[in-house]
Amino acid sequence: MQSFPFSDATTRRFSAALPAQADVVVVGGGVVGVSTALFLTRAGQKVVLLEKGCIAGEQSSRNWGWIRQQGRDPDELPIMVEANRLWRELATQTNQDIGLTQGGVTYLAQSEAQMARYADWIAHARDAGVDTRLLSATEAADLVPGMSKKYAGALHTASDMRAEPWLAVPAVAEIAQREGAVLIENCAVRCLDLAAGRVAGVVTERGRVAAPEVVLAGGAWSALFLRNHGVALPQLSVRATVAATSALPVVAPGGVADDEIAFRARVDGGYTLAPGGFHELFLGWDALRALPKFLTQLRAAPFGTRFLPVAPKGYPDGWRTPRHWSGDQPSPFEALRVLNPKPNMSRANRLKSQFAQLFPELPDFQLSHAWAGMIDTMPDIVPVVDRVAALPGLTLGTGMSGHGFGIGPAMGRVLADLAQGKPPGHDLTRFRLARFSDGSRMHLGPAL
């Protein structure tokens, strides 16, 4: 079985010298950070992006690769429509094929009650101008032929797409670099540099960079970074296992999911497989602190999370991971350059069996890859996209809750505008940081 493309041993591709100053520093080299750097550069800003490990090394390359409007939280949906357009534009500007394909996304319904929930969501699609529609049982079977199970119908969005994330995110980073952004891997930002109560830059393991604005797009590490500055963020990281098959005949042109398994075609001829609604949480201090905020989510899906008592050494919520340090000390971000969790192989092998059972006419196949990523998730399953009032000069974009790859380019554009004091072009009320401290109830929304 082949290894995942990114690890501590991955050759670093972005190695510019650390500048003394910038207009904006972006912390984090995932899809959101890379996109933010690109749109800041296009706005004429002098931008430095700093990544502790390698660009796209963590969840931004480990996701399913879906570029999905379907089933989004209604407050995310307008931003996702923009992202769908931006992915099409960016794919024409890269130096390589990122596998961008419009194959649609289909959610298979196992009951009439599920069909009713899908029908309710279509009103949100209509408001956003998205081409989502309901499929009958016959139409669903015709779209995805050869399935052994019978479904009540499906929800289908033909304009949804897919891409290969381990190719796409570095390719967008290369666009940003060509257009003038400075990208530096293996350069951890230890903390903010503060002066007179506001951001004055960042302190890195290689020295300081002066900048009046900083964008934190640290994914699973964001809460740890903020806690060191006294800002509480109820963000947790959950492990999600994914597998890929050897080459197979085409069974569906796009992404397909039911309650147990999700799959989509890959450019190498195989399929990416993932369990539907299942992830694993390593318990730690942040999990205990955040538990009250997550109760609404846990009640809504009580069996979707498996709890594990101890995180591997150095993980963001590990029991022994430091929560406080100074700029002249090595930080947890240097101790673990690439968050590269081991996959749950029992679950990966189960996915193989489920896929084979769903399509019994497929030839024998093997798993070519199995990997895992740590998803940064929030209690209400929508991100935080906001200015941080307690730290003037800091803009936060994190907690994409497993939705980040598809929406990443548009979230980057939004964060770039926020950091410049420009109108973001979308209503971000739902994504404000203060919702976790102003007495607001946790609202999961009608996302699917």
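The values are calculated or read from the model by the stated rules, or taken from the named source; none is laboratory data. Remember, predicted model here, so these are calculated numbers, not experimental data. Positions of Cβ are generated from backbone atoms using ideal geometry, with glycine treated the same way; all protein chains shown enter the neighbour counts. Quick note on the areas: whole protein, heavy atoms, side chains included, nothing else; ligands and nucleic acids left out. Shrake-Rupley method; radii C 1.70, N 1.55, O 1.52, S 1.80 Å.
Number of residues in the range 188-211 that are surrounded by fewer than 17 Cβ atoms within 10 Å (Cβ to Cβ) and assigned to a loop (DSSP other than H, G, I, E, B) equals 3. Here the range 329-368 is the region considered, the condition is being in contact with a Pro (Cβ under 8 Å, 6 or more places away or on another chain) and assigned to a helix (DSSP H, G or I), and the residue that is nearest to VAL189 (Cα to Cα) is PRO332.
Taken together, LYS422, LYS352 contain a single residue that is out of contact with any Cys (no Cβ under 9 Å at 6 or more places or on another chain), farther than 26 Å from TRP66 by Cβ and at pLDDT 95 or above, which is LYS422. When restricted to residues that are of a type outside the set (Gly, Ala, Ser), out of contact with any helix residue (DSSP H, G or I) (no Cβ under 8 Å at 6 or more places or on another chain), within 22 Å of GLY30 (Cα to Cα) and assigned to a strand (DSSP E or B), the range 218-263 contains 2. Identify, please: which residue in the range 404-440 is more than 22 Å from LEU90 (Cα to Cα) and basic (Lys, Arg) and is, among those, surrounded by the most Cβ atoms within 10 Å (Cβ to Cβ)? Within the range 404-440, the match that is surrounded by the most Cβ atoms within 10 Å (Cβ to Cβ) is ARG435.
Against the condition touching a Gly at 6+ places or on another chain (Cβ under 8 Å), among the basic types (Lys, Arg) and open to solvent by 10 Å² or more (accessible area, probe 1.4 Å), how does ARG387 come out, does it pass? The answer is no for ARG387. Taking every residue in the range 297-317 that is over 20 Å from VAL382 (Cβ atoms) and pairing it with any residue that is open to solvent by 70 Å² or more (accessible area, probe 1.4 Å) and basic (Lys, Arg), at least 6 positions away or on another chain, the pairs with Cβ-Cβ distances below 9 Å are PRO312/LYS342; LYS313/ARG320; GLY314/ARG320. Quick check on the range 227-283: of everything there that is over 17 Å from PRO360 (Cα atoms) and of a type in the set (Ser, Thr, Tyr), which residue is surrounded by the most Cβ atoms within 10 Å (Cβ to Cβ)? The residue in question is SER237.
With the requirement that a residue be open to solvent by 80 Å² or more (accessible area, probe 1.4 Å) and of a type outside the set (A, V, I, L, M), what does the range 306-328 give you? Quick ask: steps written out before the conclusion?
At the first step, the residues of the range 306-328 found to be open to solvent by 80 Å² or more (accessible area, probe 1.4 Å) are 306-307, 309-310, 313, 319-320, 324, 328.
Answer for the range 306-328, where residues must be open to solvent by 80 Å² or more (accessible area, probe 1.4 Å) and of a type outside the set (A, V, I, L, M): ARG306, PHE307, PRO309, LYS313, TRP319, ARG320, HIS324, ASP328.
Residues that are exposed (fewer than 12 other Cβ atoms within 10 Å of the Cβ) and of a type in the set (Asp, Glu) within the range 105-131 comprise GLU112, ASP120, ASP127, listed in sequence order. Residues of the range 377-393 that are within 14 Å of GLN297 (Cβ to Cβ) and outside any loop (DSSP other than H, G, I, E, B): THR377 alone.
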